[in-house]
Structure formats: C-alpha cells, structure tokens
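Single-structure report; data block below.
The values are calculated or read from the model by the stated rules, or taken from the named source; none is laboratory data. Since the structure is predicted, the reported quantities are computational estimates derived from the model, not experimental observations. So basically every Cβ, Gly included, is an ideal-geometry build from the backbone, and we count neighbours across all protein chains shown. Accessible surface areas use protein heavy atoms only, side chains included; no ligands, DNA or RNA. Shrake-Rupley method; radii C 1.70, N 1.55, O 1.52, S 1.80 Å.
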Amino acid sequence: MCGIVGYVGVKQAAPILLDGLQKLEYRGYDSAGIAVRDAQAEHIEVVKAKGRLKNLMDMTDAGRAVRGSCGIGHTRWATHGEPSTLNAHPHYSREKRVVVVHNGIIENYQELRAKLTRKGYAFETQTDTETVALLLDCYYAEAAEKGLSPRERALFAIRNMMIRVRGSYALGILFGDQPGALYAARKDSPLIVGRCDGELRGHMIASDVPAVLNYTRSVVYIDNLEIACLTQDELRLYNVDCEEIEKPFTEIKWDAAAAEKGGYEHFMMKEISEQPRAVRDTLSPRIHEEEDGSRSVDLSELGLTDDDLRAVSRVTLIGCGSAYHVGVVGRAVIERLSRVPCEVDLASEFRYRDPMLEENALVIVISQSGETADSLAALRLCKERGVRTLAIVNVVGSSIAREADATLYTWAGPEISVATTKAYSTQLAALYLLAVKLSSVRGTLDAAREQQLLADMLALPDQIEQILADKERVQWFANKMSACRDVFFIGRGLDYAISLEGSLKLKEISYIHSEAYAAGELKHGTISLIEDGVLVVALATQPDLFEKVVSNMVEVRSRGAYLFGLTLCGQYAIEDAANFTVYVPRTDPLFATSLAVIPLQLLAYYISCARGLDVDKPRNLAKSVTVE
Ligand code: F6R
C-alpha cells in the first residue's frame, strides 16, 4: 500500500526521501512523488512519476537535482483514480499553498469535493487526496483572517479538516508560507515521527519503520486524531483539540540490516530461511524449564490470569489471507487440546454477520503488520461490544497491537516480501503456545502429553532447518512444473488448512491458477476439472486421515492428475499414489502444519523464480492492506 516519508533538518531532503521510499517499495505501489523546498524559501518543487521509483530517481538525479532541506515523499497504490503521474502524490492547492501526501481513504470525498467546487475550488485529479489539500487550503485561508500565528493557522486548518473528513489517513503536510515546518496527522493509518541527531539533525515522518532506519532509531508512534509539527530542532505534538501533548520516544530494536536482503536474491528466500530462528525466538522465551526438567508455557506478558483463561467460553480467531489460514489451524489445535469451542472468520466478513459474541468470549486477531484495515475494524467491533481481545502481531507498536487488550508478539523480525512466510510460521507458534496454556489451566491435558507437546514444539526450529537443507529437491520439481496452468491442493482436517496456505502462496507469486480443496469435497463437483497433467498437491500429514487422503489421491490420479504427495516420515504408503513425494520430520500431528508448509513455500518461490516473476513484489498486491 502507499508509503510516506518526510524530513526537515540540516541535510538535503530529496535523497533521504527517495531512500526512505525505496525501503517502503515492498509495500506495493504504482507511482511516486516528492515535494521539496528550501527551509528559507516559499517555493515548493514537486516531482512525480508513474511506475517504479527508479523513474523518479532518474528524473531527479537520485534527488540531487531537487534542492532543499524540507520535504515529503510518497509511493502510491491507486484506489481513487488510475495509476498516473497526475494522480500520484503529492497533491496541492493553487500556488502550492498546501501540499500533502496521504495514505488511507477519504470516504466522503465526493461530498467534500462538491462543497469545495461550490466555493470556487477546481480539481485537477481524480483522487480523494486532492480534497484534503483543498480543504486544508480553505480552512487555512479562514485562519489567516483571524490573525493567528503560522502554527496556530496550521493547527486550525488541520483540526477542522480532521473533523470534516471521514475515513482513514496518515498525512504529511507542507504549508507554502511556512518554510522549515512539516506537519503530520493521523487517523487509522500508521504514522511515526523520528528524531535524527548528529550530522542529520532534524525530524522525520514515515508510515513504516524501515523508511527511517538508516537515519534514526528513536521514534514516537502517532495515535489516532493526533497532529505533529516538526521543524529542524523541534517536535511538538497536539491532540485534535490543538492541546499540546507529551509522548515518549521508543527505541527501535531492529537492526537496519534485518530489513536488507543479506546476500539472498530475494527477501522471500531470506525470510523462508529465517524461519528456524523466528520460530525459536517466538517459542523459547515463553516455554520455561523448571528445576526438575519439566516445562510449562508462560504467557504472563498477556496480563491474563489462569482464572481469566479458565473462564473463556469460546474463542474466535480473525485474520485476513494467510493470517486467516493460521486461524484455521488454530481453531483445530485449540479445540482439540482445550475443548473450548472455537470459530474462525475472515476479518473482512466478520463485521457483516453481526457476530454473536458471548460475554466470556476471547477474540484473537492475527496480523503480521498490525495495520490490516479489516482486522483492525473487526478488533474495534469486539472492543465496542465489550469482548476481551488478544492480538497476535509482528510489528511492534502497530495499531492492532496497541488497541487490543493484550498482545502476543511474534518475533519474526521485519517481513519485507509481500508473500508472508516467517510471520505465518511464528503466528502458528504463538497459537500453539496459547492452545497448550489454555488446555493446561483448564485441565484438559495430562502432564505427560503436555510435556511431549512442549518438547515437540521446541524441536520444530531444527526440523524446519532439516527441511530447508533439502530445498534443491523441491527446486528441481518446481522447475519441471513451472509451466503448469492449474494446481489443486487437497487435504483433510489440518491438511486442508495447510492446503489453503500452499495454494495462496502459489497463486500470489506465480500467477498460476490454484485452488485448495477439502479432499473429501472433490467428488462433489470439482473432480470434473481434473484432466491429464493437472498438478495435484496432496497433503497427508494426519495419521488418522492418511488412508482417506491416499484414496482421494488415487481418484484424481486415475483421471490424469500428476501427484505431489507431502507427508510425515514413515508414512511411505503415499508412494502408491504419488508421482513425487516429500517427507517432513515426524512431530505431533497437531504441529505438522509448521513443517508441511515449508516445502509449499519453496514450491511457490521456485516456480515464481522459474517463471522470471517479481517474487517479492507480485502484481496488484501490497504488503500491508490498510484499506477495507
Ligand atoms: C499472503 C499474505 C496476505 C496477508 C494478509 C494479512 O502471503 O501475506 O494474505 O497474510 O494480507 O496481512 P496481515 O497479517 O498484515 O494482517
């Protein structure tokens, strides 16, 4: 989705803006632009280009041709108006009295546009953002008549704009007659402010941490309906009533290198390879070993007592895309172990079914970015209804993490590739911990089984490492299959949940049509699509369902399908039905997803590479979906 960067300080702004935007490229975009001015001059130069950031770099000689130490930059992912140079941000009012960059969606932009048109404003673009620029211009002019100081004028305009606008926004704003000042405001779209010291002295804004990591680690998270005013030497924060507020700086612990490729050809392969570390970091600190060698799950960080957990009458898991797929696994694992009724829903559907939420329900929102608009909206609905919420989130300080009653962080580190891999694996790990904890306090797990489950969990990182060591086999198969047109992923029970993720991974980065099917459902219609050469990936990790899945494999093979069978070591009978087989190490069947998903990630990755596609930035997709 769109990205924002801004800088005001002693250095030239344009190269910093372009570098920051480059760090946000992974979010997906179709055009980019910057607005830069000298801290003493009123003139603001705006340069925009359709397509890749490289076009903007070429136009500006990597920023060197645009002089000035104060500016804002943006990568746009079109929502209102086609991707074009005209519709690219920054947008501005007449004579660039107000220049803005915007992430989010202004829902009532048509109504505002009509009102502003009646006041004599003319619109040049099809965007909702231009409405914000012109609305700010309108209020700024009104403030000028009141004889206010420059800062008061800006605050007056921003506040009134915030009251009139419906929707979501993170905004970077320049006012033409205020050289050296940069303003920002936020509602429902992430925004941070950073402080740069030393030779970079100044302040920055950004929609996401990687954009500022080369310049600062010291950031303030801007909350909803807050305004920031930045100059080279000063940062002032205000609420929507324009009262000054104090907020602490947070130190970002990430290492800038964690957001670089580190020698890998693609972020996706780097992140696939980081999974043993990421899963270990998510599990280990939460599994305590007692003096007698026994282990237990410690989730005291959540602030939930054992009594709270015992009182939970129903668990609802919510997420989008892969995070939803984690929820499908979570439902099975939590129900099986703790016997608490559990349901899973797509965040984008949840609100529209007027969900029935019991007083003692626990709603778990799963999200890598912590900013997914539908997941955030679902969380807010639950909070409005007074239901206890828990977030499983990767990005520290993100909206979902801050708004949920409790947060269980996944320690995957920054995930840059659009297709999630390590965040998915750590989300699974977090849910296993919760499932065991819930079961343990509710007494549905005997001690020996609990110890075995924890031992199996702790073995997962090394087992993932083992699977990765044999990745060339999957690569060989992927190269052979890279021209296929249709792929079906089938499985029963947890294997169906894995199929969902395998299919999504493949289609999003290889653009091959693929579907996930509950294996038993095939013969109720879909089997008619099976013909010579169709690739069927059959998941058979669950011993109690193994024979049934093998039967389904035989059914499709006899109709011409080419079979990739994936199972746990020892279940060799799969070879009776499969043309190609991958075995993953043995674990408790409830945790098999964590292992079986690895070859599926590799399959998607290698097929995408073999087809020469942009693995990390697949077409039409964005890393963090901050619009509904
Ligand atoms: C697929 C993928 C998406 C995300 C989904 C939710 O590889 O990455 O399906 O899982 O957009 O995003 P988060 O987890 O940030 O809420």
Discussion item. Not counting ligands, DNA or RNA, and with a 1.4 Å probe, what is D544's accessible surface area in Å² rounded to the nearest 10?
Written reply: 120
Worksheet item: Going by alpha carbons, how many degrees (0 to 90, nearest 10) lie between the helix axis of 373-384 and the longest principal axis of the chain?
Response: 90
Practice prompt. Would you mind calculating the gained length between Q126 and Q451 on full extension (0.36 nm times residue separation, minus the Cα-Cα distance), in nm to one decimal?
Written response: 111.0 nm
Item to complete: Any chance you could give the angle, 0 to 90 degrees and rounded to 10, that helix 447-469 forms with the longest Cα principal axis of the chain?
Response: 70
Worksheet item: What is the distance in Å between the Cα centres of segment 65-119 and segment 302-342?
Response: 42
Fill in: FRET efficiency, 1/(1 + (r/R0)^6) with R0 35 Å, evaluated for E107 and R52 via beta carbons
0.75
Worksheet entry | Point-to-point label distance, A459-D61, nm (Cα→Cβ direction, 7 Å offset) | 6.3
Discussion item. With a 1.4 Å probe and all protein chains left in place, how much of the accessible area of the chain comes from carbon and sulfur atoms, in whole percent?
Written reply: 47
Practice prompt. Please give, to one decimal in nm, the separation of the simple spin-label points placed at K146 and N360, each 7 Å out from Cα toward the Cβ.
Written response: 5.3
Discussion item. Per 0.36 nm of contour for each residue apart, how much would the distance between Q466 and A377 grow if the chain were fully extended, relative to their Cα-Cα spacing?
Written reply: 28.1 nm
Practice prompt. Mind grabbing the accessible area of M59 for me, 1.4 Å probe, Å², rounded to tens?
Written response: 110
Discussion item. Just to verify a number: FRET efficiency for S296 and R385, C-beta to C-beta distance, R0 = 30 Å, to 0.05?
Written reply: 0.40
Worksheet entry | Label point distance in nm, R402-E349, each placed 7 Å from Cα along Cα→Cβ | 3.2
Fill in: Cross-link pairs beyond the 26 Å C-alpha cut-off, checked among K48/K623; K422/K523; K383/K617
K422/K523; K383/K617
Fill in: Charge dipole magnitude, Cβ of K and R +1, D and E -1 - segment 3-259, Cα centre, debye nearest 20
380
Worksheet item: Quick one: accessible area per residue over the chain, 1.4 Å probe, rounded to a whole number of Å²?
Response: 37
Practice prompt. Can you tell me the FRET efficiency between H43 and N214 if r is taken as the Cβ-Cβ distance and R0 is 25 Å, rounded to the nearest 0.05?
Written response: 0.35
Practice prompt. Using the structure shown, select from K23/K253; K50/K119; K50/K505 the pairs with a Cα to Cα distance greater than 24 angstrom.
Written response: K50/K119; K50/K505
Discussion item. Just to verify a number: what accessible area does D197 come out at with the full protein assembly present, 1.4 Å probe, Å² rounded to tens?
Written reply: 100
Worksheet item: Which percent, nearest 5, of DSSP beta bridges in the chain are antiparallel?
Response: 60
